[in-house]
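J.: I have a structure here, written as structure tokens, and I will follow up with some questions on it.
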Amino acid sequence: MACEALLPGLGQFEYLLTVVGLVYVGKVLLELIWSLACGFRAHFWSRLWDKRLVETYGKWAVVTGCTDGIGKEYAKQLAKRGMNIVLVSRTQDKLDKVSSEIVQEYDVQTEIVKVDFIDGRHIYEDVAKHLQDKEIGILVNNVGVMLPHPMEFELASEKDLWGHVNVNVASVPAMTKLVLPGMLTRGKGAIINIASIAGLYPLPLMGIYSATKAFVDYFSHSLEWEYRDSGITVQTILPSYVSTNMVKFSDILQRPNVLVPTASTFVSNAVHTLGYARRTSGYWAHGIQVHMAEKFGNKWLFMYFNYLWNSFLLRNMKKNQSRSR
Ligand SMILES: NC(=O)c1ccc[n+]([C@@H]2O[C@H](COP(=O)([O-])OP(=O)(O)OC[C@H]3O[C@@H](n4cnc5c(N)ncnc54)[C@H](OP(=O)(O)O)[C@@H]3O)[C@@H](O)[C@H]2O)c1
């Protein structure tokens with residue numbers, strides 16, 4: 001028999017199991033090769049060419065939550081590539097400062113929109129007034145909040161609760177709704193949605209944050225399918241930890257390293273991936289983490305590990321606080 005010729009000494013059942021095993025290993029290998037190729041394209045190949053963002057997408061970029069961290073770096077990186085920037089955030093003096101930095105450094109125009117996304121629906125009328133008559137080429141849905149530190153849900157304040165809903169969730173489709181019609185008319189544009197690795201699986205002690213980021217991931221991914229043939233790029237970014245104010249509760253996460261980059265390192269990587277990856281971590285070292293979590297991760301193990309990790313961060317924070325008293 002053919003099976004005996006190929007694998008002598010095996011019975012039919014053992015032969016069948018061997019074939020199933022080989023097919024599985026083949027599938028895992030192919031997936032790994034595919035992921036490596038996609039990772040190479042997004043994080044290394046993309047760096048060989050600097051995109052002409054104004055010509056490809058349009059003159060203006062809108063960045064929400066742009067006065068600090070990832071949003072501020074996106075605003076600067078896009079301005080560096082010649083885009084005018086609509087700066088949307090909540091603190092006037094920080095907005096003025098970022099605006100003058102950008103104008104001086106990159107010689108582009110800026111427009112400031114001071115709004116607090118926690119206020120919900122009515123702020124979008126004001127935002128719309130600032131956007132009308134502008135060719136919006138890129139929208140970066142970046143604004144986001146997190147609990148001040150890992151905690152059980154009962155301890156979260158009402159402000160935290162509505163912050164997560166109005167800032168992390170509602171802002172993404174609401175801002176998208178404002179810019180999408182213009183992009184469709186022009187047949188070009190890009191919408192970059194900042195989700196998080198935290199949305200891949202439920203995250204105990206950060207449950208509400210994780211749930212909002214799962215929303216962003218799902219919404220963004222669906223939008224990308226809906227508009228893939230319209231000339232509009234929808235990109236989902238899933239960072240792991242970035243050393244910003246958002247993680248200031250932890251001295252460990254405040255120290256930048258290869259796994260926890262500064263916002264500037266993170267965004268200078270992420271900005272290159274636009275047009276090269278529809279759904280990406282944005283930064284190669286985070287790409288490995290996202291790949292491991294998605295391909296080999298077990299939901300229970302991920303939740304268990306993250307429960308232990310968040311408990312550790314919380315204990316560490318309390319220890320530091322009691323030391324400094
Ligand atoms: N840092 C991480 O480890 C990490 C990891 C994965 C994903 N992300 C995501 O990346 C995005 C940016 O995070 P980040 O770490 O850069 O945060 P960040 O350093 O805390 O900056 C947040 C920015 O959003 C603004 N903002 C916050 N609440 C606002 C509100 N209610 N209305 C208007 N503006 C508001 C802040 O304004 P002020 O300057 O006035 O406070 C600031 O400019 C978020 O969506 C976050 O979920 C972050």
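What follows is calculated from the coordinates using simple rules that are stated; it is not laboratory data. Since this is a predicted model, take the numbers as computed values, not measurements. Virtual Cβ from ideal backbone geometry, glycine too; neighbours counted across all protein chains shown.
J.: Provide the convex hull volume over Cα atoms per residue for region 1-127, in Å³. Write down the numbers at each step before the final one.
T.: On the way: hull volume 26.5 nm³, N = 127.
It comes to 209 Å³ per residue, whole-number rounded.
J.: Over the Cα atoms of region 52-320, Rg to Rh with Kirkwood Rh, two decimal places? Show your work: numbers first, answer last.
T.: Numbers: Rg = 17.9 Å, Rh = 18.8 Å.
Across region 52-320, the Cα-based Rg/Rh ratio is 0.95.
J.: Pairing the Cα long axis of helix 12-43 with the longest principal axis of the chain, what angle in degrees results, from 0 to 90 and rounded to the nearest 10?
T.: Tilt relative to the chain: about 20 degrees.
J.: In deg cm²/dmol and to the nearest 500, what is the mean residue ellipticity at 222 nm of the chain if only DSSP H runs of at least 4 residues count, each as -39500 (n - 2.57), divided by the residue total?
T.: Taken over the chain, the calculation gives -16000 deg cm²/dmol.
J.: Which one of 18, 281, 91 has its Cα pushed farthest toward the positive end of the charge dipole of the chain, where Lys and Arg give +1 and Asp and Glu give -1 at the Cβ?
T.: 91
J.: Report the FRET efficiency, 1/(1 + (r/R0)^6), for residue 184 and residue 259, where r is their Cβ-Cβ distance and R0 is 30 Å, rounded to 0.05.
T.: Working: r = 39 Å, r/R0 = 1.30.
For residue 184 and residue 259, the calculated efficiency is 0.15.
J.: On a 0 to 90° scale, report how tilted helix 92-106 is relative to the longest principal axis of the chain, with both axes built from alpha carbons and the result rounded to the nearest 10.
T.: So the helix axis and the longest Cα principal axis differ by about 80 degrees.
J.: Hey, could you get me the Stokes-Einstein D for region 143-301, Kirkwood radius over alpha-carbon pairs, 10 °C and 1.306 mPa s, rounded to whole µm² s⁻¹? Show your work: numbers first, answer last.
T.: Values: Rh = 16.5 Å.
Translational D for this selection: 96 µm²/s.
J.: Just grab the label-to-label distance for residue 294 and residue 323, each label 7 Å out from Cα along the Cβ direction, in nm (one decimal).
T.: My value for the distance between the label points is 3.8 nm.
J.: Compute the distance in nm between two label points, each set 7 Å from the Cα along the Cα-to-Cβ direction, one at residue 307 and one at residue 225.
T.: 3.2
J.: I'd like the FRET efficiency for residue 101 and residue 315, computed as 1/(1 + (r/R0)^6) with the beta carbon distance as r and R0 of 45 Å, rounded to 0.05. List each step's numbers first, then the result.
T.: On the way: r = 38 Å, r/R0 = 0.85.
Using R0 = 45 Å, I get an efficiency of 0.75.
J.: Let me ask another. Please go through region 49-130 and write out the trypsin sites (Lys or Arg not before Pro) that DSSP classes as loop and that have at most 10 other C-beta atoms within 10 Å. Mind dumping the intermediate values first?
T.: On the way: sites: 51, 52, 59, 72, 76, 80, 81, 90, 94, 97, 114, 121, 129; in loops: 51, 52, 59, 81, 90, 121.
Sparse-neighbourhood loop trypsin sites (Lys or Arg not before Pro): 52, 121.
J.: Determine how many Å³ per residue the convex hull of the Cα atoms of region 80-236 encloses. Working shown, then result.
T.: Values: hull volume 18.9 nm³, N = 157.
With only Cα atoms used, region 80-236 gives 121 Å³ per residue.
J.: I would also like to ask the following. Exceeding 20 Å between C-alpha atoms, which entries from my cross-link table qualify? They are 134/188; 134/177; 213/318. Intermediate values should be presented prior to the final figure.
T.: Working: 134/188 14 Å; 134/177 15 Å; 213/318 26 Å.
Correct reply: 213/318.
J.: Please work out the Cα convex hull volume for region 217-298 and give it in Å³ per residue. Please list the in-between numbers first.
T.: Working: hull volume 9.6 nm³, N = 82.
Dividing the Cα hull volume of region 217-298 by its residues yields 117 Å³.
J.: Now for a separate question. Using a Cα-Cα cut-off of under 16 Å, which lysines could be cross-linked to residue 94, ignoring same-chain neighbours fewer than 8 residues away?
T.: Cross-link targets: 72, 76, 114.
J.: Cut-off under 21 Å on the C-alpha distance; same-chain residues fewer than 8 positions from residue 27 excluded. Which lysines are left, in chain and number order?
T.: Correct list for residue 27: 295, 299.
J.: Relative to the longest principal axis of the C-alpha atoms of the chain, give the angle of the C-alpha long axis of helix 171-186, reported between 0 and 90° and rounded to the nearest 10°.
T.: Helix 171-186 sits at roughly 90 degrees to that axis.
J.: Rounded to the nearest 20 Debye, what is the dipole magnitude of region 45-148 about its Cα centre when Lys and Arg each give +1 and Asp and Glu each give -1 at the C-beta? Mind showing how you got there, number by number?
T.: Working: 15 positive and 16 negative charges, 66 e Å.
With Lys and Arg at +1 and Asp and Glu at -1, about 320 debye.
J.: Normalised by the residues of the chain, what does the relative contact order come to in percent, with Cα pairs under 8 Å and at least six apart? Intermediate results must be reported in sequence, preceding the final value.
T.: On the way: 514 pairs, mean separation 55.4, N = 325.
Averaging sequence separation for qualifying contacts and normalising by length gives 17 percent for the chain.
J.: I'd like the FRET efficiency for residue 35 and residue 12, computed as 1/(1 + (r/R0)^6) with the beta carbon distance as r and R0 of 35 Å, rounded to 0.05.
T.: Values: r = 35 Å, r/R0 = 1.00.
Taking R0 as 35 Å, the efficiency between residue 35 and residue 12 is 0.50.
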